[in-house]
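Following: one structure in structure tokens, then a few remarks.
Readers should treat all values here as calculations from the given coordinates under stated rules, not as data from a laboratory. Here the structure is a predicted model, which is why all the values come from computation and not from measurement. Every residue, glycine as well, gets a Cβ built from its backbone with ideal geometry; the counts of neighbours run over all protein chains shown.
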Amino acid sequence: MKRLQGKVAIITGASSGIGRATAVLFAQEGAKVVVAARRKSELNALVDEIASDGGQAVAVPGDVCSEAFAQTLVDAAIERFGRLDIAFNNAGTLGEMGPTAAVSLTGWTHTLETNLTSAFLGAKYQAPAMLKNKGGSIIFTATFVGYTIGFPGVAAYAASKAGLIGLTQALAAEYGPQGIRVNAVLPGAVETPMYYVMNNTPESHGFVTNLHALKRVAQPEELARSVLYLASDDASFMTGTAMLVDGGASITRT
């Protein structure tokens, strides 16, 4: 039996990378998916791909920093598919990088809004919808950066992603008695367009690759399988966790 048969999921940041791979996998595992991102054409292509494989999906383009958009996504799930069981709040940005003393307040604020506030807004509307089904699974994409490893020049990114772990724990404690599980997945380096923004030379790619015990970076599909686990009943006793999927980067000193 498919692991998400009969479930309905929202996935943000679905136009590329981990979000896109997760949407495809969720649909293959039986979920009906609401896919969100800013780029409408990429979302439409994703919906077509899912439909051609026998799945069901609806595209809702918009800005995750908008509270109204958070409500719109939940409304779309209920109006189109009748319920909401899973939310993968994955949208994010590297934000303004460079020496901390040179980071603008605007850049700092935008990064926190995109990575942290958007997740709060998502959960704010997702959890009440899940309570109607007596439970659900909310998942955030954090990172090993700022959790087990510090890098210079990414203060806003690290702070905003670390904040997601605190949000995960608070929500898990708040909604656990009502059957909603809340977890964060913490990827290591993943071969996505965002990865190449930071690692656009053979030297930087080699450096980051060597940080991992597996001596390679992940493919988006590998992270999608970990998210699937957290979304499914296989993880029925997991909540409040910061789950490292980092290829051993956090324990490597070689």
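Take Ile149, Ile138, Ile251, Ile180 and order them by how many other Cβ atoms sit within 10 Å, fewest up front.
Working: Ile149 15, Ile138 28, Ile251 10, Ile180 25.
Fewest-to-most Cβ neighbours within 10 Å comes out as Ile251, Ile149, Ile180, Ile138.
Where does helix 40-52 land angle-wise versus the long Cα axis of the chain, in degrees 0 to 90, nearest 10?
60
I need Met1, Met194, Met130 ordered by Cβ neighbour count within 10 Å, fewest first.
Neighbour counts put them in this order, fewest first: Met1, Met194, Met130.
Taking Cα atoms, how many degrees apart are the long axis of helix 220-231 and the longest axis of the chain, rounded to 10 and kept between 0 and 90?
Relative to the chain, helix 220-231 is tipped by roughly 50 degrees.
Top mean-square fluctuation among Arg181, Arg80, Arg20, Gaussian network model of the chain, C-alpha springs under 10 Å?
Its mean-square fluctuation being the largest, the pick is Arg80.
For the chain, what relative contact order do you get, as a whole percent, if you take Cα pairs closer than 8 Å and at least 6 residues apart? Could the numbers behind the result be given before it?
Details: 525 pairs, mean separation 48.1, N = 254.
Over the chain, the number comes to 19 percent.
Can you sort Ser15, Ser66, Ser52 so the residue with the fewest Cβ neighbours within 10 Å comes first? Show your work: numbers first, answer last.
Numbers: Ser15 24, Ser66 13, Ser52 8.
By the 10 Å Cβ count, ascending, the order reads Ser52, Ser66, Ser15.
Running a GNM on the chain with Cα contacts under 10 Å, which residue among Ala162, Ala51, Ala37 ends up with the highest mean-square fluctuation?
So, out of Ala162, Ala51, Ala37, the one fluctuating most is Ala51.
Once Rh for the chain is found with the Kirkwood sum over Cα pairs, what is the Stokes-Einstein diffusion coefficient at 37 °C and 0.692 mPa s, in µm²/s? It would help to have the intermediate numbers written out before the result.
Numbers: Rh = 18.2 Å.
It diffuses with D of about 181 µm²/s by this estimate.
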